[in-house]
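Heads up: the structure comes next, in structure tokens.
The values are calculated or read from the model by the stated rules, or taken from the named source; none is laboratory data. Here the structure is a predicted model, which is why all the values come from computation and not from measurement. Here the Cβ positions follow ideal geometry from the backbone for every residue, glycine too, while neighbour counts run over all protein chains shown. To get the accessible areas, we keep the full protein, side chains included, count just its heavy atoms, and leave off ligands, DNA and RNA. Shrake-Rupley method; radii C 1.70, N 1.55, O 1.52, S 1.80 Å.
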Amino acid sequence: MKVGVALSGGVDSAVALYFLLQEGYEVTAYHMKTVFDEIYLTKKITHKVCCSPSDTYDAKKIAEKFGVDFKVVHLEDDFREMVINYFVSEYKRGKTPNPCFFCNDWIKFGVLMEKMLEDGMDYVASGHYAIIKNGKLYKAKSYEKDQSYFLASIKKEKLKKIILPNGEYTKQQIREIAEKIGIHVHNKVDSQDLCFIPDGNISEFLRENNMEFKEGLIIDTEGNIIGTHKGLANYTIGQRKIGVATGRRLYVIKKDFKNNILIVGDKESAFSTKFTVLKPNFLQNVSKDFEGYVKVRKKFKEVRCKAHFENERLYIETQEPIFAITPGQIAVVYGFDDSVIVSGIIEGEGWN
């Protein structure tokens, strides 16, 4: 059986490739380019990002080590059209988007996966930490490294064509295996944050993409004017530093884009037990009413919840309040067996 593996140049995908060869698959390595290399010459690199020129070098070296075919797939234009444009447009709408979530559906397991299948691959593989079993997506064995939250964007019908060899292992085990078999990136730093903003300056990136930042009022939950903000896109729900000294700790509660007002309040005001979710992507067949655990950000803990599906929306109520439920971010509901039930885009808190 032929398998195309998304080889990033990091240790996870390198060991995934090794596992596939050990299992007897005929493997071809695909390395995708999401942004043009020139960006790394014009921007200061403040953190490790994927798809850089050094990653391409490492990926090629890994493929050569294992003697597998190596293909570089240029997806810069697709990535710009699908992911970057989405990112900018969501900010312009007052949201705080999660582009990495959609990159998995639209790019890695979208355009790239289609390329692999067109090339005659029977399956597609990656180094993600999650488990696919009996047509369902589950958390990885290592909860600390689990990436099922970001993979929850993938459409249900694609799961039968995807192999995730690393799901049963911890990151430390993967690194130890890589070192033992002589993979040169066994200690390579993990990629983090956004690949298309290597300097980490989101505000400057948005300006370069025709985003206007208009100053406006900062008002507390009692209606008192306490200062001026520097453009709503510079703030996110739950943020504490608002650039104004008030003598008390205030958090961003809401962004009123219509009136260009930033609303702040005490920490308790940033908690909620009810919110709605748009564009739900169901990975399992469930009734309109179901229960599970919901996660609203990758590093947030999961909270027991009840969910109701109606008119293309999910209405979610949690057993305990959640801090900083943010429009534009992603909610993922898990079953009691650690399987992903559904994911979607947070519309906003509260519902009647």
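For Y86, only one of the following conditions fails: (1) assigned to a helix (DSSP H, G or I); (2) in contact with an Asp or Glu (Cβ under 8 Å, 6 or more places away or on another chain). What is its number?
Unmet for Y86, out of (1) assigned to a helix (DSSP H, G or I); (2) in contact with an Asp or Glu (Cβ under 8 Å, 6 or more places away or on another chain): (2).
When both residues are 6+ apart or on different chains and their Cβ atoms are under 7 Å apart, which pairs have a first residue that lies in the stretch 80-105 and is in contact (Cβ under 8 Å) with a residue 60 or more places away in the chain and open to solvent by 30 Å² or more (accessible area, probe 1.4 Å), and a second that is part of a helix (DSSP H, G or I) and of a type in the set (A, V, I, L, M, F, W, C)?
Going by the 7 Å Cβ cut-off, the qualifying pairs are C100/F150.
Is one or more of the residues making up the stretch 54-69 part of a loop (DSSP other than H, G, I, E, B), in contact with a strand residue (DSSP E or B) (Cβ under 7 Å, 6 or more places away or on another chain) and of a type in the set (V, I, T)? Even if it seems obvious, please write down each step before you answer.
Let us first name the residues in the stretch 54-69 that are part of a loop (DSSP other than H, G, I, E, B), namely 67-68.
If we keep only those that are in contact with a strand residue (DSSP E or B) (Cβ under 7 Å, 6 or more places away or on another chain) as well, we get 68.
Next, only the ones that are of a type in the set (V, I, T) stay: 68.
Yes, because at least one residue in the stretch 54-69 is part of a loop (DSSP other than H, G, I, E, B), in contact with a strand residue (DSSP E or B) (Cβ under 7 Å, 6 or more places away or on another chain) and of a type in the set (V, I, T).
Would you say D122 is over 27 Å from V342 (Cβ atoms), surrounded by fewer than 20 Cβ atoms within 10 Å (Cβ to Cβ), in contact with a Lys or Arg (Cβ under 9 Å, 6 or more places away or on another chain) and not hydrophobic (A, V, I, L, M, F, W, C)? Step through it out loud before you land on a result.
Working: over 27 Å from V342 (Cβ atoms): yes; surrounded by fewer than 20 Cβ atoms within 10 Å (Cβ to Cβ): yes; in contact with a Lys or Arg (Cβ under 9 Å, 6 or more places away or on another chain): yes; not hydrophobic (A, V, I, L, M, F, W, C): yes.
Against the criterion (over 27 Å from V342 (Cβ atoms), surrounded by fewer than 20 Cβ atoms within 10 Å (Cβ to Cβ), in contact with a Lys or Arg (Cβ under 9 Å, 6 or more places away or on another chain) and not hydrophobic (A, V, I, L, M, F, W, C)), D122 qualifies.
Tell me, which strands (runs of 3 or more DSSP E) wholly within the stretch 174-257 include 1 or more residues that are of a type in the set (D, E)? Step through it out loud before you land on a result.
Working: elements: 216-220, 225-229, 251-256.
Once the strands (runs of 3 or more DSSP E) in the stretch 174-257 are filtered for at least 1 residues that are of a type in the set (D, E), what remains is 216-220, 251-256.
Please enumerate the residues belonging to the stretch 284-300 that are without any contact (Cβ under 8 Å) to a residue 24 or more places away in the chain and surrounded by 18 or more Cβ atoms within 10 Å (Cβ to Cβ).
Hits for the stretch 284-300: nothing passes.
Look at V303 and say whether it is buried (at least 21 other Cβ atoms within 10 Å of the Cβ), without any contact (Cβ under 8 Å) to a residue 60 or more places away in the chain and either among the aliphatic types (A, V, I, L, M) or closer than 30 Å to A233 by Cβ (or both).
Numbers: buried (at least 21 other Cβ atoms within 10 Å of the Cβ): no; without any contact (Cβ under 8 Å) to a residue 60 or more places away in the chain: yes; either among the aliphatic types (A, V, I, L, M) or closer than 30 Å to A233 by Cβ (or both): yes.
For V303, the condition - buried (at least 21 other Cβ atoms within 10 Å of the Cβ), without any contact (Cβ under 8 Å) to a residue 60 or more places away in the chain and either among the aliphatic types (A, V, I, L, M) or closer than 30 Å to A233 by Cβ (or both) - is not met.
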